[in-house]
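The values are calculated or read from the model by the stated rules, or taken from the named source; none is laboratory data. Here the structure is a predicted model, which is why all the values come from computation and not from measurement. Note that we place each Cβ from the backbone using ideal geometry, even for glycine, and neighbour counts take in every protein chain shown.
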C-alpha cells in the first residue's frame with residue numbers, strides 16, 4: 001500500500017509556478033480596479049505640489065544645481081519619493097492588514113500556493129505599481145519644462161527595482177511589528193530621515209562628510225542618481241554601482257521578508 | 001468528483017504526529033486516518049488540537065514528529081500536490097471583503113488550476129451549490145453571516161475536490177442557517193466526497209459523521225461510529241438528577257457502587273447505562289428524569305471535559 005505507486009496525476013510541482021503567480025496578480029488587479037483612481041490622483045497631485053513649491057518657489061532663489069535647472073533637479077528627485085511612497089507603505093500596511101486582520105494569506109496558503117510564490121507575487125505587484133506611479137512625477141515635470149529624452153524610458157524599470165526593495169522592506173517590517181501603530185516609528189525614524197541624505201531636493205555634497213558616507217548606504221540616494229543619469233546622461237561605471245546597490249537591497253529585503261512571512265504564516 | 005483507486009489507502013493518515021508551540025503541545029502523538037468517501041467528525045473542546053490538525057494537513061504548520069499523508073502525498077514535502085485536490089473551509093472568515101462573491105470564486109478557480117475556459121462553469125456551479133447565484137455580484141461586505149459561510153464553502157468546492165476539510169463549519173451561526181449548511185454537507189457526503197470536519201457541536205457530529213474521533217489534549221481518545229461509541233461508553237439511556245449537592249453526592253456513590261458511570265453537568269448528576277440499572281437501584285436513587293444517552297456523555301466520560 002505504498003503511496004508512490006498510485007499517486008494522483010503527475011502535476012508539476014515546482015517551487016515557483018506561473019499559475020499561482022498569475023492568480024495572485026489577477027486578485028490584485030481586481031482589487032486595484034477599486035482604488036486606482038485615488039492612487040493615481042495622489043500620484044499626480046503630490047509631485048505637482050512639490051514642483052510648485054520647490055520648483056517655482058525655491059527655484060527662483062536657485063538658478064541651477066549640479067548643472068541642472070532646479071525644476072529638472074526636483075522633478076527627477078521626486079521620482080524616488082514617489083517610488084518610496086508607492087512601495088514601502090503598501091509593503092507595510094497592506095501586507096500587515098491582509099495577514100492579521102483579513103487573513104487573506106491564510107486563505108491563499110490553504111490553496112495550492114506556496115509561501116515563496118505568495119511573497120514573490122505580492123512583492124512584484126507592489127513594485128510594478130511603484131514602477132508606474134514612480135514615473136508619474138517625470139511626466140508631470142514635462143509640464144514644468146523638462147525635455148523628454150530616450151533614457152527616461154528606463155525610469156520605470158529603475159522605479160520597479162527600487163520599489164521591489166522598498167516593498168520587501170515594508171513586508172519585512174510588517175512581520176516584525178506587533179501592532180499597526182508601530183509603523184509610525186518606522187515612517188518617522190527610518191523613512192523620513194532617508195530624504196535628508198538622498199539628494200532629492202538638494203545635493204548631498206553640501207552635507208557634512210558623515211552624512212555623505214551614510215548616503216552611500218541609502219537606497220533612495222542610488223535610486224535618485226540612477227533616475228537623473230537615465231534622464232540627463234549615463235555615467236556607466238557609477239550607474240552600474242547604483243544599480244548593483246539597488247539590486248543588493250532588493251535581494252536582501254526579499255530574503256528578510258520571506259523569512260519573516262514564513263515565520264508568521266507557517267508557525 | 002473523481003473516484004480514487006481502491007488500493008490507494010486512506011485519504012488521510014497521521015501517524016505519531018506531535019506539534020508543539022513553545023511549551024504547549026497542541027498535538028500529541030496523534031494517530032488518525034480517514035478512508036475515502038467517509039465523513040470523519042473530529043470532536044473536541046476548544047484547545048483540543050482540532051484546528052492545529054487541520055493546519056498540519058494543509059502544510060500550514062509543520063509537525064515536530066511523525067508522518068502525514070494526504071491523498072497519497074507526504075505532507076509537508078508534497079503538500080502543494082495534496083492541496084490541489086483538497087478544499088479547505090476555515091473556521092475564520094478570510095474572504096476578500098472588497099471583492100464580489102463571484103470574484104472571490106474566480107481567484108480560487110484560477111489558483112486551483114481550473115483551465116481558463118472552464119472557470120466560468122465551475123464558478124457558476126459552485127454558486128448554485130450553495131444557493132448564492134442571485135448574490136454573485138454582491139460585495140462580500142453586503143452578505144449576511146450565513147451567506148459568507150456558504151461562500152467560504154463554495155470557495156473550497158469550486159474545483160470539485162476529493163477531500164474537504166471543514167473547520168467548525170457552523171460555529172456562531174443561528175440554528176436555521178446551521179440546518180441549511182448541514183443539508184449542504186450531507187449532499188457532499190452522498191456525492192462521495194471525503195470530509196474531515198471538526199466541531200464542538202455534538203449534534204453536528206451525530207448527524208453528519210460516519211465516524212467520530214474524540215480529541216482531547218492533542219490526541220484521539222476514542223474513535224468509532226456515533227452509535228458504537230454510545231453503546232461502548234454510555235449505553236442507551238441516562239438518568240439525570242437535580243438537587244442539593246449532598247444528594248447528588250449520594251446518588252453518585254450509589255451508582256458507582258453498582259458499577260454505573262456518572263457525570264456531573266453543572267447542577268445535575270447523570271447516571272449512565274441507566275437501561276441496565278436494577279429496579280432497586282433506580283428506586284434508591286430517587287426521582288430523576290430519563291433521557292437518551294448522547295455523544296456528549298461519551299465525551300465527558302472520556303475526557304472529563306465539557307464541550308462548550
### Index of the failed condition, residue B:213 passing every other in (1) out of contact with any helix residue (DSSP H, G or I) (no Cβ under 9 Å at 6 or more places or on another chain); (2) touching a residue at least 40 places away in the same chain (Cβ under 8 Å); (3) surrounded by fewer than 20 Cβ atoms within 10 Å (Cβ to Cβ)
(3)
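This table checks each residue for (1) more than 24 Å from residue A:102 (Cβ to Cβ); (2) within 8 Å of chain A (Cβ to nearest Cβ); (3) under 23 Å from the mean Cα position of the chain (by Cα).
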{"site": "B:97", "(1), (2), (3)": "no, yes, no"}
{"site": "B:110", "(1), (2), (3)": "no, yes, no"}
{"site": "B:121", "(1), (2), (3)": "yes, no, no"}
{"site": "B:156", "(1), (2), (3)": "no, no, yes"}
{"site": "B:160", "(1), (2), (3)": "yes, no, yes"}
{"site": "B:168", "(1), (2), (3)": "no, no, yes"}
{"site": "B:175", "(1), (2), (3)": "yes, no, yes"}
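Looking at B:103, B:92, can you tell me which residue is outside any helix (DSSP H, G or I), under 23 Å from residue A:94 (Cβ atoms) and at the interface with chain A (Cβ under 7 Å from one of its Cβ atoms)?
Working: B:103 fails: outside any helix (DSSP H, G or I).
Result of the check over B:103, B:92: B:92.
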### Query
Among (1) buried (at least 23 other Cβ atoms within 10 Å of the Cβ); (2) within 14 Å of chain B (Cβ to nearest Cβ), which single condition is residue A:134 missing?
(2)
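Can you find a residue in segment A:141-160 that is within 19 Å of residue A:74 (Cβ to Cβ), touching a residue at least 12 places away in the same chain (Cβ under 8 Å), under 10 Å from the mean Cα position of the chain (by Cα) and surrounded by 17 or more Cβ atoms within 10 Å (Cβ to Cβ)?
Filtering segment A:141-160 down to residues within 19 Å of residue A:74 (Cβ to Cβ) leaves A:141-149, A:151-152, A:155, A:158-159.
From what's left, touching a residue at least 12 places away in the same chain (Cβ under 8 Å): A:141, A:144-146, A:149, A:151-152, A:155, A:158-159.
Then keep just the ones that are under 10 Å from the mean Cα position of the chain (by Cα); that gives A:158-159.
Next cut, surrounded by 17 or more Cβ atoms within 10 Å (Cβ to Cβ) only: A:158-159.
Yes - at least one qualifying residue is present in segment A:141-160.
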### Task
Could you tell me which residue of segment B:15-48 is farthest from residue B:165 (Cα to Cα), considering only residues that are in a strand (DSSP E or B) and within 14 Å of chain A (Cβ to nearest Cβ)?
B:24
### Query
Among (1) touching a helix residue (DSSP H, G or I) at 6+ places or on another chain (Cβ under 6 Å); (2) at pLDDT 90 or above; (3) within 14 Å of chain B (Cβ to nearest Cβ); (4) surrounded by 21 or more Cβ atoms within 10 Å (Cβ to Cβ), where does residue A:23 come up short?
(2)
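Residues are listed down the side, and each one gets a yes or a no for (1) more than 30 Å from residue B:269 (Cα to Cα); (2) touching a residue at least 40 places away in the same chain (Cβ under 8 Å); (3) touching a helix residue (DSSP H, G or I) at 6+ places or on another chain (Cβ under 8 Å):
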residue: B:153; (1), (2), (3): yes, yes, yes
residue: B:170; (1), (2), (3): no, no, yes
residue: B:184; (1), (2), (3): yes, yes, yes
residue: B:239; (1), (2), (3): no, yes, yes
### Task
Could you tell me which numbered condition residue B:177 fails, if it satisfies all but one of (1) modelled with pLDDT of 95 or more; (2) part of a helix (DSSP H, G or I); (3) touching a helix residue (DSSP H, G or I) at 6+ places or on another chain (Cβ under 6 Å)?
(1)
### Query
Inside segment A:96-125, can you point out the residues that are touching a strand residue (DSSP E or B) at 6+ places or on another chain (Cβ under 8 Å) and not in a helix (DSSP H, G or I)?
A:111
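Rundown of residues vs (1) over 19 Å from residue A:203 (Cβ atoms); (2) within 14 Å of another protein chain (Cβ to nearest Cβ); (3) crowded, with 23+ Cβ neighbours inside 10 Å, yes/no style:
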position	(1), (2), (3)
A:55	no, no, yes
A:63	no, no, no
A:69	no, no, no
A:77	no, no, yes
A:86	yes, no, yes
A:102	yes, yes, no
A:107	yes, yes, yes
A:111	yes, yes, yes
A:118	yes, yes, no
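Per-residue answers, yes or no, for (1) crowded, with 17+ Cβ neighbours inside 10 Å; (2) without any contact (Cβ under 8 Å) to a residue 40 or more places away in the chain; (3) farther than 30 Å from residue B:35 by Cα; (4) in contact with a helix residue (DSSP H, G or I) (Cβ under 8 Å, 6 or more places away or on another chain):
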| site | (1), (2), (3), (4) |
| --- | --- |
| B:227 | no, yes, no, no |
| B:244 | no, yes, yes, no |
| B:253 | no, yes, yes, no |
| B:261 | yes, no, yes, yes |
| B:269 | yes, yes, yes, yes |
### Message
Whether any residue in segment A:32-52 is more than 10 Å from every other protein chain (Cβ to nearest Cβ), touching a strand residue (DSSP E or B) at 6+ places or on another chain (Cβ under 9 Å) and over 30 Å from residue B:108 (Cα atoms) is what I want to check.
### Response
no
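Taking the options A:197, A:213, name whichever one is over 30 Å from residue A:118 (Cα atoms), out of contact with any helix residue (DSSP H, G or I) (no Cβ under 9 Å at 6 or more places or on another chain) and away from chain B (no Cβ under 14 Å). Lay out the reasoning, then the answer.
Values: A:197 fails: out of contact with any helix residue (DSSP H, G or I) (no Cβ under 9 Å at 6 or more places or on another chain).
Residue meeting the stated conditions: A:213.
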### segment B:57-74, residues that are more than 11 Å from chain A (Cβ to nearest Cβ) and buried (at least 24 other Cβ atoms within 10 Å of the Cβ)
B:68
### Query
With respect to the numbered conditions (1) touching a residue at least 60 places away in the same chain (Cβ under 8 Å); (2) farther than 23 Å from residue A:176 by Cα; (3) buried (at least 21 other Cβ atoms within 10 Å of the Cβ), which one is the sole condition not fulfilled by residue A:225?
(1)
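To keep it simple, each residue is scored yes or no on (1) surrounded by fewer than 19 Cβ atoms within 10 Å (Cβ to Cβ); (2) at pLDDT 95 or above; (3) touching a helix residue (DSSP H, G or I) at 6+ places or on another chain (Cβ under 8 Å); (4) more than 20 Å from residue B:222 (Cβ to Cβ).
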position: B:31; (1), (2), (3), (4): yes, yes, no, no
position: B:37; (1), (2), (3), (4): yes, no, no, yes
position: B:43; (1), (2), (3), (4): no, no, yes, no
position: B:89; (1), (2), (3), (4): no, yes, yes, yes
position: B:113; (1), (2), (3), (4): yes, no, yes, yes
### For residue B:51: the one exception among (1) within 26 Å of residue B:172 (Cα to Cα); (2) at pLDDT 95 or above; (3) within 13 Å of chain A (Cβ to nearest Cβ)
(2)
### Message
Tell me whether segment A:207-215 contains one or more residues that are surrounded by 19 or more Cβ atoms within 10 Å (Cβ to Cβ), on the phi < 0 side of the Ramachandran plot and at pLDDT below 95.
### Response
yes
### Task
Scan segment B:131-147 and give yes if some residue there is crowded, with 16+ Cβ neighbours inside 10 Å, touching a residue at least 24 places away in the same chain (Cβ under 8 Å) and under 20 Å from residue A:109 (Cα atoms), otherwise no.
no
